Structure formats: C-alpha cells, structure tokens
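Notes follow the structure.
The values are calculated or read from the model by the stated rules, or taken from the named source; none is laboratory data. Keep in mind the model is a prediction, meaning the values are calculated, not measured. Here the Cβ is made from the backbone with ideal geometry for all residues, glycine too, and neighbour counts use every protein chain on show. The area values use the complete protein model at the heavy-atom level, side chains included, leaving out ligands, DNA and RNA. Shrake-Rupley method; radii C 1.70, N 1.55, O 1.52, S 1.80 Å.
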Amino acid sequence: MWIKGPAKMLQLQGPQLLQMLEKCLTKSLPESLKVYGTVFHMNQGNPFGLKALVDKWPDFKTVVIRPQEQEMADDFDHYTNTYQIFSKDLRNCQESLTTSDVINWKQHLQIQSSQSSLNEVIQNLAAAKFVKVEHTQCILYVMPETARKLLPSLPETKNLPAGYGAPKAINEEMFKLSSMDPTHAALVNKFWHFGGNKRSQRFIERCIRAFPTFCLLGPEGTPASWSLMDQTGEIRMGATLPEYRGRGLVSHMLAVHTRALDQLGFPVYNNTDKAHKIVQRISHNLRHIAIPHGWNQWNCVPL
C-alpha cells in the first residue's frame, strides 16, 4: 500500500512496492545509481530506517529517499539529515519539492544524487528558502561485476575483460585481514575527507554496525587500512595510515571488499575527488568504470 507522505508526495510502504521501485530504477541507471543503491539496501533490511517518497505511483517522475522524521532530531547533523534524489523530469522535481515539505530546509542537510543536472533545481529551491549551498562533484566509479549486471549497454562494460583487475600483492605476514569494529570509528573519522567531527564519527559507527566492513590490521593489531560502506551502498570511506602508504594496501582493500559485496549480490561503486590521481590509477588497474559527473553532493545550511 502507499500512504500520503508530507504534502503532495506519496510514501511507498511494504516490501512489494519497494521491490517494484528498485526494479524500475534499474531502467534509469547510471543516473539513478545513488537512489537505486539506497533502495536496494532498504530491501535488504533497511538498516538506516529510511523511507521512499514519489511524486505519483506507479508512473513516478521523482523519487526522494530520506530518514524517518524521528531520526532527524539533530538540526545540525547533516550526515543523518541526508536525502537521495532521482528525477526523470527536472521541472517535475522542482515542483514536487516546492509544493511539499519532504525536505526540511530549516536543518543542516545533504542532498546526494548521480545526476549533476539536479544542480539548477537545488540551487533554485535553496535560494527560495534562504539556504546556502555547496556543491561537491566527484568521479563515480562502478565496479566491473556491477557494471556487467546493471550497465551492460555501456561501451566500457562491453570491453571489460573477464575476471577482476589484479591488486598489488601485500605482505600478509605483516597485515592481517579483519573486519572493522565500532571502536575504530574515531580512526576512520580522523582520515575521512568529509568527517572530522563528533557527528561524522557517530555516522561512521552506524555504518560499521550496519554493513560489511574490511580492514588490514597492522603489526600493532589496529587498522592500517580500511574500507567502509554508507547507507546508499557506496564504498564511501577508505584510507591507509600515512606510515603504511605506498604498499598497495588500498588497492588490496578495494579488491577484497568488492569481491565480498559481489558475492552478496550488492551493487558496488565508489567515488573519488577529481584531483586524487592515485585512487584514479588504482581504480583503472582494478577495471572500475568511471561515470564522470556521476557523484554529486549538495551541503545545505540555512542562512
């Protein structure tokens, strides 16, 4: 069944409708990837307690994924106050978000999308609501097995050789494969480009509890390199301690994490900054497919 959501958008409820939405979103990949990945994990137990809203059903044009209202109690926690948006019609998107209160513009919030074309819509909405916006755009990488399964028509997918790209060999005596523990969140937070504060640490702890994580424990028995997912299913947080860089650990971590998620049937993707040439080289070696302008985040702060 669907129930009336805030103002004029409809909330899809129940596994049947969410599975239908997931299937519909596959037809709009890669533009729908951030929303598709989120809905996929909503159908795998919904560990972040998210909800899906559409402008109409079943012939929707705009989808917004957001947390339940009770989850968004902290007006300054933009990590929790995060919306994923996909739209087939930008005019419809602007109208749907203008005439509904789906987005709480009074809070510090983030909007994420695989559509750079949403920028004008979000800038217009923010200006009308007296909200300051900072747009971050990165390269979106889709991993080979996910590309074969979900994006078979892309020219890059058709040219993919069989199997996986080979990561660098590592010293397996020195570095032991393990999973992350919530107590490791402070370490991840220290090195995460988008983190470094108490709210981001709380978000990282939640991601560690909710999703499969991997790390390489160094000689001290603590993580030397790690790889974590966020609520959209993206491999979002990965790093290596400075003293262990240049040993192929990130490449190894990405390969291990990707294979494990492939075996679970998860869509696998990540992003990197356009200036981060090392990660781009690693992604190229591991045969990841780049979707330029495909990773977008808008940080919104009320004036």
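When you scan the range 264-297, how many residues do you find that are surrounded by 14 or more Cβ atoms within 10 Å (Cβ to Cβ) and at positive phi?
Of the residues in the range 264-297, 2 are surrounded by 14 or more Cβ atoms within 10 Å (Cβ to Cβ) and at positive phi.
Scan Ser100, Ser116 and give me the residue that is over 18 Å from the mean Cα position of the chain (by Cα) and within 27 Å of Gly49 (Cα to Cα).
Ser100
Could you run through the range 196-208 and say how many residues are in contact with a helix residue (DSSP H, G or I) (Cβ under 6 Å, 6 or more places away or on another chain) and closer than 23 Å to Thr258 by Cα?
Final tally of qualifying residues: 3.
Test of understanding: among Thr80, Thr157, Thr146, which residue is polar (S, T, N, Q), over 30 Å from His284 (Cα atoms) and touching a residue at least 24 places away in the same chain (Cβ under 8 Å)?
Within the list Thr80, Thr157, Thr146, the selection yields Thr80.
Please verify whether the range 4-13 includes one or more residues that are over 27 Å from Val301 (Cβ atoms), open to solvent by 10 Å² or more (accessible area, probe 1.4 Å) and either charged (D, E, K, R) or modelled with pLDDT of 95 or more (or both).
Going through the range 4-13, the residues over 27 Å from Val301 (Cβ atoms) turn out to be 4, 10, 12-13.
Within this subset, residues satisfying the condition of being open to solvent by 10 Å² or more (accessible area, probe 1.4 Å) are 4, 10, 13.
Filter once more, so that each one left must be either charged (D, E, K, R) or modelled with pLDDT of 95 or more (or both): 4, 10.
Yes: one or more hits.
Quickly run through the range 267-294 and pick out the residues that are assigned to a loop (DSSP other than H, G, I, E, B), within 17 Å of Gln137 (Cβ to Cβ) and either in contact with an Asp or Glu (Cβ under 6 Å, 6 or more places away or on another chain) or not aliphatic (A, V, I, L, M) (or both).
Asp273, Lys274, His276
So how many residues does the range 168-193 have that are touching a residue at least 60 places away in the same chain (Cβ under 8 Å) and either under 19 Å from the mean Cα position of the chain (by Cα) or assigned to a loop (DSSP other than H, G, I, E, B) (or both)?
6
Looking at Ile170, is it in contact with a helix residue (DSSP H, G or I) (Cβ under 8 Å, 6 or more places away or on another chain), surrounded by fewer than 22 Cβ atoms within 10 Å (Cβ to Cβ) and at pLDDT 95 or above? Can you show your working first?
Values: in contact with a helix residue (DSSP H, G or I) (Cβ under 8 Å, 6 or more places away or on another chain): yes; surrounded by fewer than 22 Cβ atoms within 10 Å (Cβ to Cβ): yes; at pLDDT 95 or above: no.
Criteria not met by Ile170.
Inside the range 177-195, can you point out the residues that are exposed (fewer than 14 other Cβ atoms within 10 Å of the Cβ) and under 21 Å from Asp273 (Cα atoms)?
Lys190, His193
From Gln231, Gln263, grab the single residue that is under 24 Å from His41 (Cα atoms), free of Cβ contacts under 8 Å to residues at least 40 places away in the same chain and of a type in the set (S, T, N, Q).
Gln263
Do the conditions hold for Arg247, that is, is it more than 22 Å from the chain's Cα centre (by Cα) and closer than 26 Å to Arg287 by Cα? Full working, then the answer.
Values: more than 22 Å from the chain's Cα centre (by Cα): yes; closer than 26 Å to Arg287 by Cα: yes.
Yes; evaluated as a whole, the condition is true for this residue.
Any chance the range 273-285 includes a residue that's of a type in the set (Val, Ile, Thr) and within 30 Å of Phe130 (Cα to Cα)?
no
Could you tell me which numbered condition Asn299 fails, if it satisfies all but one of (1) outside any loop (DSSP other than H, G, I, E, B); (2) of a type outside the set (Gly, Ala, Ser); (3) at pLDDT below 95?
(3)
Go through the range 135-167 and count every residue that is in a loop (DSSP other than H, G, I, E, B) and closer than 30 Å to Glu205 by Cβ.
To start, the set of residues in the range 135-167 that are in a loop (DSSP other than H, G, I, E, B) comprises 143, 151-154, 159-167.
Filter once more, keeping what is closer than 30 Å to Glu205 by Cβ: 143, 167.
Residues in the range 135-167 being in a loop (DSSP other than H, G, I, E, B) and closer than 30 Å to Glu205 by Cβ: 2 in total.
On the given criteria, is Ser283 over 16 Å from the mean Cα position of the chain (by Cα), within 29 Å of Ser28 (Cα to Cα) and hydroxyl-bearing (Ser, Thr, Tyr)?
Considered against the rule, which asks whether it is over 16 Å from the mean Cα position of the chain (by Cα), within 29 Å of Ser28 (Cα to Cα) and hydroxyl-bearing (Ser, Thr, Tyr), Ser283 comes out as yes.
Checking Thr99 against (1) modelled with pLDDT under 95; (2) within 30 Å of Leu254 (Cα to Cα), which single condition isn't satisfied?
(2)
Among the residues of the range 250-261, what is the count of those that are more than 16 Å from the chain's Cα centre (by Cα) and either surrounded by fewer than 21 Cβ atoms within 10 Å (Cβ to Cβ) or closer than 16 Å to Arg148 by Cα (or both)?
Selection size over the range 250-261: 3.
Can you tell me which residues in the range 152-167 are over 23 Å from the mean Cα position of the chain (by Cα) and either more than 25 Å from Leu216 (Cα to Cα) or modelled with pLDDT of 90 or more (or both)?
The answer is Pro155, Lys158, Asn159, Leu160, Pro161, Ala162.
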